[in-house]
1. When segment 183-212 is examined, which residues are found to be farther than 17 Å from Asp60 by Cα and without any contact (Cβ under 8 Å) to a residue 24 or more places away in the chain?
2. Would you call Val118 assigned by TED's automatic domain parsing to the domain that holds Ala193, buried (at least 21 other Cβ atoms within 10 Å of the Cβ), at pLDDT 95 or above and hydrophobic (A, V, I, L, M, F, W, C)?
3. Just one of the numbered conditions (1) without any contact (Cβ under 8 Å) to a residue 40 or more places away in the chain; (2) on the phi < 0 side of the Ramachandran plot; (3) not assigned by TED's automatic domain parsing to the domain that holds Leu178 is not true of Glu51; which one?
4. All but one of (1) free of Cβ contacts under 8 Å to residues at least 60 places away in the same chain; (2) farther than 17 Å from Ile70 by Cβ hold for Phe171; state the number of the condition that does not hold.
5. Quick check on my filter: what residues within segment 122-153 are of a type outside the set (A, V, I, L, M), surrounded by 22 or more Cβ atoms within 10 Å (Cβ to Cβ) and under 16 Å from Pro46 (Cα atoms)?
6. Can you find even one residue in segment 102-111 that is in a loop (DSSP other than H, G, I, E, B), basic (Lys, Arg) and free of Cβ contacts under 8 Å to residues at least 24 places away in the same chain?
7. Take the residues in segment 12-21 that are without any contact (Cβ under 8 Å) to a residue 40 or more places away in the chain and out of contact with any Phe, Trp or Tyr (no Cβ under 8 Å at 6 or more places or on another chain), then tell me which one is surrounded by the fewest Cβ atoms within 10 Å (Cβ to Cβ).
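The values are calculated or read from the model by the stated rules, or taken from the named source; none is laboratory data. What you see is a predicted model; the values in this text were computed from it and never measured. Note that we place each Cβ from the backbone using ideal geometry, even for glycine, and neighbour counts take in every protein chain shown.
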Amino acid sequence: MPVFWINEHEMTFPHPTLAEPGGLLAVGGDLSPERLVLAYRNGIFPWFEDEGSFFWYSPDPRFILFPAEIKVYKSMRAVFNQNKFDYTLDTCFEQVIRACAQTPRAGQDGSWIAESFVEGYTELHRQGVAHSVEVWQNGALVGGLYGLALGRVFFGESMFSRVPNASKAGFITIVRALEKSGFSLVDCQQETAHLSSLGAHNIPRQQFLELLYRNAYERSLIGTWAFLDGAIVANPL
């Protein structure tokens with residue numbers, strides 16, 4: 001299949017089912033808030049930038065987690081029982097995304113989170129659409145993750161950990177809060193052993209797109225997020 005070129009002056013995307021077998025759908029465009037929201041609503045996300053061009057993906061299958069299916073094994077239950085970490089939402093979004101960009105990852109040479117990604121998603125955070133989870137230990141930021149919330153779907157982007165189990169604990173904490181807040185789906189994009197161990201699994205892209213279609217009618221939780229009684233509340237911007 002062809003890879004489509006996106007004109008940055010046109011707010012459109014090809015249909016996600018036209019992506020190459022590896023998931024690549026299109027090149028070009030920008031990371032404006034409007035384009036990012038349009039992409040995610042249609043099951044598309046930017047993965048990296050090369051010489052000023054953005055690469056947009058819609059993989060098949062899609063790696064997802066239904067919040068009610070989160071797995072918490074004995075080792076992680078001990079982490080929570082011992083209160084090893086504290087957790088916050090949206091207190092230092094840019095610090096979290098930059099930590100995700102700077103964290104070395106096995107099998108990767110550098111990071112796909114270029115400065116343009118930091119700027120684009122931070123602007124979405126200012127608009128109350130992108131959110132961060134912070135994991136603290138003795139007052140230090142030791143882990144976290146960030147993503148977007150549209151309707152009742154949370155689109156996870158990246159996570160980091162500076163001490164063992166910090167990112168897992170943060171992920172489990174936000175998934176539990178999402179479930180309590182009525183969220184139906186966490187998009188994990190592509191398969192990783194880390195998230196597979198927590199209950200994430202692949203579904204056909206068509207099924208994922210059908211879930212997004214139904215989600216389009218759901219109201220988004222816009223604003224600055226905070227935990228309240230194990231759920232999520234959105235405070236006015």
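1. Matches in segment 183-212: Ala193 only.
2. Here the answer is no, as Val118 does not meet what is asked.
3. Failing condition for Glu51: (2).
4. Result: Phe171 passes all but (2).
5. Tyr146, Gly147
6. yes
7. Among them, the one singled out is Pro21.
Yes/no matrix, rows are residues, columns are (1) modelled with pLDDT under 95; (2) in contact with a helix residue (DSSP H, G or I) (Cβ under 8 Å, 6 or more places away or on another chain):
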site: Val3; (1), (2): yes, no
site: His15; (1), (2): no, no
site: Glu20; (1), (2): no, no
site: Gly23; (1), (2): no, no
site: Asn42; (1), (2): no, yes
site: Phe48; (1), (2): yes, no
site: Ala68; (1), (2): no, yes
site: Val72; (1), (2): no, yes
site: Phe85; (1), (2): no, yes
